[in-house]
Amino acid sequence: MIKTLISQLKEYKLPSYLTIIFAVFEVATDVAIPFIMALIIDRGINNGDLSQIYLYGGIMLVTVMIGLVSGALAAKFAAEASTGYAHNLREAMFENVQTFSFSNIDNFSTSGLVTRMTTDVTNMQNSYQMIIRLFIRFPLMLVSALVMSFIIAPKIGLVFLIVSIFLGLALALIIKLAMPIYVEVFAGYDDLNASVQENITGIRVVKGFAREPYEKGKFGKTVENLFRKFVKAESLLAFNNPIMMFAIYGSMLGLSWLGANMVVGGSLTTGQLTSLFTYLMNILMSLMILTMVFITIIMSTASARRIAEVIDEKADIVNPNQPLMKVADGSIRFEHVNFSYKKGSEKYVLSDINLTIQSGQTIGIIGATGSSKSSLINLVSRLYDVNEGSVKVGGKDVRDYDLETLRNEVAVVLQNNELFSGTIIENLRWGNKEASYEACVEAAKMACAHDFIESFPDSYNTYIEQGGSNVSGGQKQRLCIARALLKEPKILILDDSTSAVDTATDMKIRKSLSDSISATTKLIITQRIASIAYADSIIVLDDGRVNGYGTHEELLDSNEIYTTIYKNQEKGFADFDEKGA
Amino acid sequence: MKRLFKLLMEDYKLHMLAVLLGVIGSAVATVIGMTFIETLIDDYITPLTQVSNPDFTPLVGALVKIALIYLVGLVCSFAYNRIMVTVSQGTMKKLRIKLFNHMESLPIQYFDTHSHGDIMSVYTNDVDTLRQFLSQSLPQLLSSLVTIVSVFISMIILDIPLTIMSLAMVFLMLLFSSKIIKAARKYFGQQQRDIGAVNGYIEEMVSGQKVIKVFNHEEENLDNFRMLNDQLRDSAYQANKYTNILMPISMQVGNTSYILCAIIGGILVINGYLGLTLGALVAFLTLNKSFNEPISRVSSQVNSIVIASAGVDRIFELMDATPEIDDGYVTLVNIEKDSSGNIIETDKKTQMWAWKHYHKAEDATTYQEVKGEIEIADMNFGYNDDKMVLQNITVHAKPGQKIAFVGSTGAGKTTITNLINRFYDIQEGKIRYDGININKIKKADLRRSLGLVLQDTHLFTGSIMDNIRFGRLDATDEACIKAAKLANADSFISRLPKGYETELTGDGANLSQGQRQLLAIARAAVADPPALILDEATSSIDTRTEILVQRGMDELMKDRTSFVIAHRLSTVKNSDLIVVLEHGRIVEQGNHAELMEIKGRYYQLSANIA
């Protein structure tokens, strides 16, 4: 994990090193100032020597200038390094996601991927910045302050060392005790957010059943629970400050006593005593900041792990070594295909599929939810790989093709249609970047989308909102079909792509498809028998197996599942409203 | 911010007072501790070095005295830290509950007009920044403030000229800081916008990732992303640079102040001006450091205050949203009938309901049995006043009848049902329930009397049993199972490994669409309401499950007045009244036979299917 993350630093290694170097300079000045201050007091003020005061005062001002410059530079480079690092992490993830196959995508949920690329990266950016700015600097400050104390007065240095060890242990103990509670707190947060989320999306149900008091009670309990955990965790942390002060006060008292004795005994000067007080503060402050840094690092390890997972995920469908760059025709063959979403699993979602589809045929696919209709067609454009057997397009195994070539020739209109924010024409041109305006209109006409597009005030320049939220379901489906048509594919797959389109329009689309792209092989998944009754052949899938394969009439004669579905739809389960109109 | 403090003070007046005292106590102890060095050097060390036989007893006494002061400081510090936990977490708790309760009281319109992400972010981001502000920044600010004041006083007591010099340097520090903060804030705004753009792009593209694959769109996608990502890096770099630089600058200005104090102080001591002693100077130097430090800390926290106060504004914005108005006074009660048929109110679940009127004028209560007659008369409605989406709607549902609304998307079918249970209020006309204007019925009671099955089924975290019981909270397990059987949900539930105790998460994501619909029907069935509003699903569930859903719905609708937003011919066909809507107006109404007869819009729609 750490290797993966560090390798993403790339061009921001230099600023990271520079941050550390300048931070070291800054510490050096921080440590030097009390030392020189002691000299001013002892050689200058105590001896009544003004020239010494000017001399050391001047040296100190120069030191401050060095501190200022190096501090500012460290700050600048830290910003550059951490924001640049975040940039690289985001890019590495996004880049890798582009290579993901469908099964890779399924591994991570969409919202999971988004969180990883947003919140988690921000966490990493903050903690990385903290690490390079503080993590080197404060241990260094701690050590050098200790060393300086030892140089001035070994005995007192020893006391400081003991105090810092004690304080370090105490703070570590608090962190150790508080961390598990914090983990619980975060879990409580998730519950809380889930509860709110649910009430926002389900507000109609809550209000419809007049369940506001009940939900309020439930939420109250969740909040109470979170409150208790939080108080528990923060009560522990409330010890931090007093322990810190205890250490400061204790060592100040000790230092006063020891220091007084030593000054009186002549082994320490007054000036040195003042410096020791400053070093003491430096030591304790470093410890405090280190604890803070530790907490941040521990809290961000979860983010780091999640990011590394995405970057390390290997795409499991890649181009073959010598890919075929041309698809001969639109014929499809399934030969003894077994397929499961989990590799190595014997529980196949498709078992022993054998099918031969001629180029240019129209094939209907029907079957209950979960009968693996979508799984079947996803194999054709190699969105998933088979476990056993082979899928052949144009006579060649799909695994021998260049992926881009294959997917350009096999156009799939997925069940979950997505349009992207942009104008209609831009969305259509996803199918073919170079498509002329006329070609887009042509495709839209074929998909029966032209008329409603024309009815928009901005016509083809109408802006589609994210997720296509400003067009109706039926309109969206027709735009998606048009987009796929622009590819001019050899095989066109419609995965329940007209479910929200009214039956009359559905019929029209089918007719225009069979008229204008008759050479294209068409696979059509649907719930409506009427949509595929005309097809050359119909595949009836049941529980991942081919239950029947034949024409409408043949199936009505011989296939029980098909007949049942047909009868039910005859009885009036067909869609009534005309959503797409 | 002002209201936030009011909220704090409401419950925690004494706590806050204690916190304040604690902060003062611990800060004063710290300051005394620092000035103690002066006493140590001037009163003890210097005299002791001048005698040949030093006696350390007075020093021990002084140390004990100071130790006691430290102890007080320590206790104060612990006390205020601990109390602050209670105050900040208590306020958080109160705020969250208040927010949620207020949210539950908001009209549906609020949720329709505000993005869910925005509402969510009030709970996640804004409340959380506030928590950080309360538990971290606020005590720090308080203690910084007290430290600044007490150190300042001590400085004045010790030496006025040096104090003036220190003050001058502080002004310099503040001047620099405010310049830097101003620059930082500009870039922070830019960064916020760029983050929004990048996050939005990631969200859109990741959710459309499969489409991107299918269209070989990876390269373009990456190019666009790189552009946005570079922009974000640049603005984030600028914003972070300025914030980062704030600390070293204010620190070094502080150091300069410290050194100038030493030089000027040294000159004063040597020349014996103004009676400054060495001890006083050393003590002053320590004070100077303690004076600069909290000031630079406060200035670096300006940002977190700005962010928190923006969050607080959004929190109060949500809290100030106008809640649903409910001035209904007619309530829904269970009744029994005595032998002579008189209505008696009861706590028992009798399956018989009555509207309970309280007439203020006569101080009398009357009961009217719930029959389920619903009448919509000359109704007009628009989401805002200038655009009516429903016009001239008149529908009369007799008790037990099934009313089907048909028409294309946007014709206003869903809107009508939203008006019957008063998710929205009508502008003109009347809706009467058993002859009572629904405005007079308490909203909760009105809605309880109308079962609801929506197209998008929303389920809640909890077991399947809990989800069914959502319909009626005091339903027994048996009643819930009975409802599930009625809804045809029992068979799939029983097949789940944990049956009715199966935990649902994420809106029932582990169930299929059809199964979720069956649960929604069971949920409505357990409530056993006199009337129903049903929205048939259009999404493609397979035919077998669909038959189950259909039968479940039919079973549920038996003997109840039902309004169905219908998508299935079978549902429409056997309805008592079919209302055909177009562009917010009723174009035809009647039963199947009547409408087929007139060969109008309905006839056309039906012909489409045949």
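Laid out as a table, the results:
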{"read-out": "Residues that are part of a loop (DSSP other than H, G, I, E, B) and under 30 Å from B:Gln109 (Cβ atoms), drawn from region B:290-339", "value": "B:Ala321, B:Thr322, B:Pro323, B:Glu324, B:Ile325, B:Asp326, B:Asp327, B:Gly328, B:Tyr329"}
{"read-out": "Residue check for B:Asn224: under 33 Å from the mean Cα position of the chain (by Cα), in a helix (DSSP H, G or I) and farther than 19 Å from A:Thr19 by Cα", "value": "no"}
{"read-out": "Subset of region A:542-560 (residues that are in contact (Cβ under 8 Å) with a residue 40 or more places away in the chain and under 22 Å from A:Arg510 (Cα atoms))", "value": "A:Tyr549"}
{"read-out": "Count of region A:192-220 residues which are at the interface with chain B (Cβ under 8 Å from one of its Cβ atoms) and open to solvent by 40 Å² or more (accessible area, probe 1.4 Å)", "value": "6"}
{"read-out": "Region A:251-267: number of residues that are farther than 14 Å from B:Pro54 by Cα and either acidic (Asp, Glu) or out of contact with any helix residue (DSSP H, G or I) (no Cβ under 7 Å at 6 or more places or on another chain) (or both)", "value": "1"}
{"read-out": "Residues within region B:328-359 that are under 18 Å from B:Lys440 (Cβ atoms), in contact (Cβ under 8 Å) with a residue 12 or more places away in the chain and open to solvent by 40 Å² or more (accessible area, probe 1.4 Å), tallied", "value": "4"}
{"read-out": "Some residue of region A:64-78 being open to solvent by less than 10 Å² (accessible area, probe 1.4 Å), touching a Lys or Arg at 6+ places or on another chain (Cβ under 6 Å), farther than 30 Å from A:Lys343 by Cα and within 7 Å of chain B (Cβ to nearest Cβ)", "value": "yes"}
{"read-out": "Boolean, A:Tyr249 is at the interface with chain B (Cβ under 7 Å from one of its Cβ atoms) and part of a helix (DSSP H, G or I)", "value": "yes"}
{"read-out": "From B:Ile249, B:Ile270, B:Ile202, B:Ile263, residue being in a helix (DSSP H, G or I), under 30 Å from B:Ala27 (Cβ atoms), modelled with pLDDT under 85 and facing another protein chain (nearest Cβ under 7 Å)", "value": "B:Ile263"}
{"read-out": "Residue check for A:Tyr128: modelled with pLDDT under 80, in the same structural domain as A:Lys221 (by TED's automatic domain parsing) and among the hydroxyl-bearing types (Ser, Thr, Tyr)", "value": "no"}
{"read-out": "Of the criteria (1) over 22 Å from A:Gln466 (Cβ atoms); (2) open to solvent by 50 Å² or more (accessible area, probe 1.4 Å); (3) not acidic (Asp, Glu), which one B:Ile180 fails", "value": "(2)"}
{"read-out": "Residue within region A:305-312 that is over 30 Å from A:Asp106 (Cα atoms) and either among the aromatic types (Phe, Trp, Tyr) or open to solvent by 40 Å² or more (accessible area, probe 1.4 Å) (or both) present", "value": "no"}
{"read-out": "Test: residue in region A:120-135 that is under 28 Å from A:Ser375 (Cα atoms) and either buried (at least 18 other Cβ atoms within 10 Å of the Cβ) or in contact with a strand residue (DSSP E or B) (Cβ under 9 Å, 6 or more places away or on another chain) (or both)", "value": "no"}
{"read-out": "Failed item in (1) in contact with a helix residue (DSSP H, G or I) (Cβ under 9 Å, 6 or more places away or on another chain); (2) closer than 30 Å to A:Ala32 by Cβ; (3) open to solvent by 30 Å² or more (accessible area, probe 1.4 Å); (4) modelled with pLDDT of 85 or more, with A:Lys155 passing the rest", "value": "(4)"}
{"read-out": "Residue count for region B:480-492, restricted to those that are crowded, with 18+ Cβ neighbours inside 10 Å and out of contact with any helix residue (DSSP H, G or I) (no Cβ under 6 Å at 6 or more places or on another chain)", "value": "1"}
{"read-out": "Restricting region A:174-190 to residues that are within 11 Å of chain B (Cβ to nearest Cβ) and either at pLDDT 80 or above or open to solvent by less than 70 Å² (accessible area, probe 1.4 Å) (or both), the residue that is farthest from B:His116 (Cα to Cα)", "value": "A:Val185"}
{"read-out": "Near pairs, Cβ below 7 angstrom, 6+ apart or cross-chain, from region B:93-111 (in contact (Cβ under 8 Å) with a residue 24 or more places away in the chain) to any residue that is among the basic types (Lys, Arg) and crowded, with 17+ Cβ neighbours inside 10 Å", "value": "B:Ile108/A:Arg204; B:Ile108/A:Lys207"}
{"read-out": "Residue among B:Leu106, B:Leu130, B:Leu162 that is under 30 Å from B:Val85 (Cα atoms) and buried (at least 17 other Cβ atoms within 10 Å of the Cβ)", "value": "B:Leu130"}
{"read-out": "Hits in region A:424-465 (condition: at positive phi, polar (S, T, N, Q) and not in a helix (DSSP H, G or I))", "value": "none"}
{"read-out": "Region A:313-339 - residue that is acidic (Asp, Glu) and open to solvent by 50 Å² or more (accessible area, probe 1.4 Å) and, of those, nearest to A:Gln358 (Cα to Cα)", "value": "A:Asp329"}
{"read-out": "Test: residue in region A:402-412 that is out of contact with any strand residue (DSSP E or B) (no Cβ under 6 Å at 6 or more places or on another chain) and either hydroxyl-bearing (Ser, Thr, Tyr) or assigned to a loop (DSSP other than H, G, I, E, B) (or both)", "value": "yes"}
{"read-out": "In region A:3-20, residue surrounded by the most Cβ atoms within 10 Å (Cβ to Cβ) [restricted to those that are free of Cβ contacts under 8 Å to residues at least 40 places away in the same chain and hydrophobic (A, V, I, L, M, F, W, C)]", "value": "A:Leu14"}
{"read-out": "One residue from B:Ser150, B:Ser235, B:Ser144 being within 13 Å of chain A (Cβ to nearest Cβ), touching a helix residue (DSSP H, G or I) at 6+ places or on another chain (Cβ under 6 Å) and either among the hydroxyl-bearing types (Ser, Thr, Tyr) or open to solvent by 60 Å² or more (accessible area, probe 1.4 Å) (or both)", "value": "B:Ser235"}
{"read-out": "Lone qualifier among B:Thr365, B:Thr394 - being assigned by the TED database to the domain that holds B:Met352, surrounded by fewer than 17 Cβ atoms within 10 Å (Cβ to Cβ) and in a strand (DSSP E or B)", "value": "B:Thr365"}
{"read-out": "Pairs where the first residue, in region B:208-229, is outside the structural domain of B:Gln190 (by the TED database) and at pLDDT 90 or above and the second is of a type outside the set (Asp, Glu) and assigned to a loop (DSSP other than H, G, I, E, B), C-beta under 9 Å, 6+ apart", "value": "none"}
{"read-out": "For B:Thr417: the one exception among (1) modelled with pLDDT of 90 or more; (2) surrounded by 15 or more Cβ atoms within 10 Å (Cβ to Cβ)", "value": "(1)"}
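To keep it simple, each residue is scored yes or no on (1) without any contact (Cβ under 8 Å) to a residue 60 or more places away in the chain; (2) within 28 Å of B:Val579 (Cα to Cα).
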position: B:Ala364; (1), (2): yes, no
position: B:Tyr367; (1), (2): yes, no
position: B:Lys371; (1), (2): no, yes
position: B:Asp378; (1), (2): yes, yes
position: B:Phe381; (1), (2): yes, yes
position: B:Met388; (1), (2): no, yes
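The values are calculated or read from the model by the stated rules, or taken from the named source; none is laboratory data. Not measured: the values here are computed from a predicted model. Note that we place each Cβ from the backbone using ideal geometry, even for glycine, and neighbour counts take in every protein chain shown. Note: areas computed on protein heavy atoms with side chains; ligands, DNA, RNA excluded. Shrake-Rupley method; radii C 1.70, N 1.55, O 1.52, S 1.80 Å.
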